[in-house]
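Trainee: Starting off with a structure, shown below.
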Amino acid sequence: MNPGIEEISLPDVASIQIRRMSLPLRSPVVTAHGAIATRDVIVLRLVDAEANIGHGEAAPLAGFTSETVDEAEQALHHWADDPENPLPPTARAAVDGALLDLAAQAAGRPLHDLLAPGSPGVVPVSALVGGITPAEAAGAARAAIDSGHRTVKVKVAAGPFEADLARLIAVREVIGDARLRIDANGGWTADEAPGHLARLADLDIEFVEEPVAGLDALAGVRATSPVPVAVDESISTPVDLDRAIAMGSADVVILKPSALGGPLITAAAAGTATDAGLTVVVTSLLEGSVGIRAAAHLASAIRALDPAPGLATASLLVGDSGPPLLAVDGALHLS
Ligand SMILES: [Mg+2]
């Protein structure tokens, strides 16, 4: 358990609903794993004897989680039949998220405050900037800054490096001294990554997520990288995190509560990472706002607010798993 997190007793559940939803994106998010056009998610609704309602979300994503949405859905039905049945991480995230939401509703307090009394209700978030051409990327970055974000993130490594470099130069030009982070999603080879990172050294990159795939390769790249290295999808369990720490794979660890198994497992992982000297960044899994909300409360509770969490992704969706949690003035406002 993270030392800053209160032990809270989880409520008894009187009824359970499981609902699958399809959430199209406004435009596909292009990553080195491929383009993501639609998110299939499962919403878990729990009701207690006093008619309080808690929601949780399971949002498996190929390339980031090992289970499929069918497997997560089936596991949730098995769990509804018997809570002793095992849950894969995304289904565990739905259950723990829903139980914590229910506990917060029953207590009449925001979840972040229940987990860590006095934690802030405003969570600054980075903005994911799309765009194929430098002009499009610069326009999107300017819009993000104009709407109050102080950190922008750009996906790279889905195409030629020269095109990435041109986009990043254009983005840096318009964002001034705001922070710029990039995510290669493991798309560069161990041979090419050091050269690419050397050429990015002047752009004051906050960190690069997954420049190469795998903890071994990340450790190798980090040894010479002028840009801090973040590990993301190469960690899917707490055991992976221990290995990343032991191998020196990263300066920063990206923790996705929806992929790891929910807020409590993530709080524990964050404590482990922080103790080892790593910087923790909480992000979404491009899930709906039920999952994003759980992640945002957790980020506040563990005070993982700088660097800014990557939780401004509800605006990318058409439709949502719950009331949309959208950034206002560059931050999520929790209640
Ligand atoms: Mg990432």
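Trainee: Given the options S300, S321, S284, S335, name the one that is more than 25 Å from R179 (Cα to Cα), of a type in the set (S, T, N, Q) and touching a strand residue (DSSP E or B) at 6+ places or on another chain (Cβ under 8 Å).
Mentor: Of S300, S321, S284, S335, the one residue that is more than 25 Å from R179 (Cα to Cα), of a type in the set (S, T, N, Q) and touching a strand residue (DSSP E or B) at 6+ places or on another chain (Cβ under 8 Å) is S321.
Trainee: Inspect the range 79-99 for any residue being surrounded by fewer than 17 Cβ atoms within 10 Å (Cβ to Cβ) and either touching a residue at least 60 places away in the same chain (Cβ under 8 Å) or part of a helix (DSSP H, G or I) (or both) and give the result as yes or no.
Mentor: yes
Trainee: Which condition from (1) within 16 Å of the ligand (Cβ to nearest atom); (2) farther than 27 Å from D177 by Cβ is the one that P228 breaks?
Mentor: In the conditions (1) within 16 Å of the ligand (Cβ to nearest atom); (2) farther than 27 Å from D177 by Cβ, P228 misses (2) alone.
Trainee: Across the range 216-234, which residue is farthest from A299 (Cα to Cα) among those that are in contact (Cβ under 8 Å) with a residue 24 or more places away in the chain, in contact with a strand residue (DSSP E or B) (Cβ under 7 Å, 6 or more places away or on another chain) and of a type outside the set (D, E, K, R)?
Mentor: V221
Trainee: For the range 181-214, which positions are within 16 Å of the ligand (Cβ to nearest atom) and in a loop (DSSP other than H, G, I, E, B)?
Mentor: A184, N185, G186, W188, E210, P211, A213, G214 - these are the residues of the range 181-214 that are within 16 Å of the ligand (Cβ to nearest atom) and in a loop (DSSP other than H, G, I, E, B).
Trainee: Evaluate the following for R20: is it of a type in the set (D, E, K, R), within 19 Å of A259 (Cα to Cα), in a strand (DSSP E or B) and in contact with a Gly (Cβ under 8 Å, 6 or more places away or on another chain)?
Mentor: Details: of a type in the set (D, E, K, R): yes; within 19 Å of A259 (Cα to Cα): yes; in a strand (DSSP E or B): yes; in contact with a Gly (Cβ under 8 Å, 6 or more places away or on another chain): no.
So R20 does not fit the description; no.
Trainee: Which of the residues belonging to the range 34-69 are touching an Asp or Glu at 6+ places or on another chain (Cβ under 6 Å) and in a strand (DSSP E or B)?
Mentor: Answer for the range 34-69, where residues must be touching an Asp or Glu at 6+ places or on another chain (Cβ under 6 Å) and in a strand (DSSP E or B): V41, I42, V43, G54, H55, E57.
Trainee: Another question, if that's okay. Looking for something more than 30 Å from V156 (Cβ to Cβ) and outside the structural domain of L286 (by TED's automatic domain parsing) - is there at least one such residue anywhere in the range 21-36?
Mentor: Checking the range 21-36: at least one residue is more than 30 Å from V156 (Cβ to Cβ) and outside the structural domain of L286 (by TED's automatic domain parsing).
Trainee: Continuing with this model, one more query. Of these, A250, A276, A304, which one is at pLDDT 95 or above, closer than 27 Å to R109 by Cβ and of a type in the set (A, V, I, L, M, F, W, C)?
Mentor: A304
The values are calculated or read from the model by the stated rules, or taken from the named source; none is laboratory data. Please read all numbers here as calculations on a predicted model, not as lab measurements. Neighbour counts run over all protein chains shown; Cβ positions are idealised from the backbone, glycine included.
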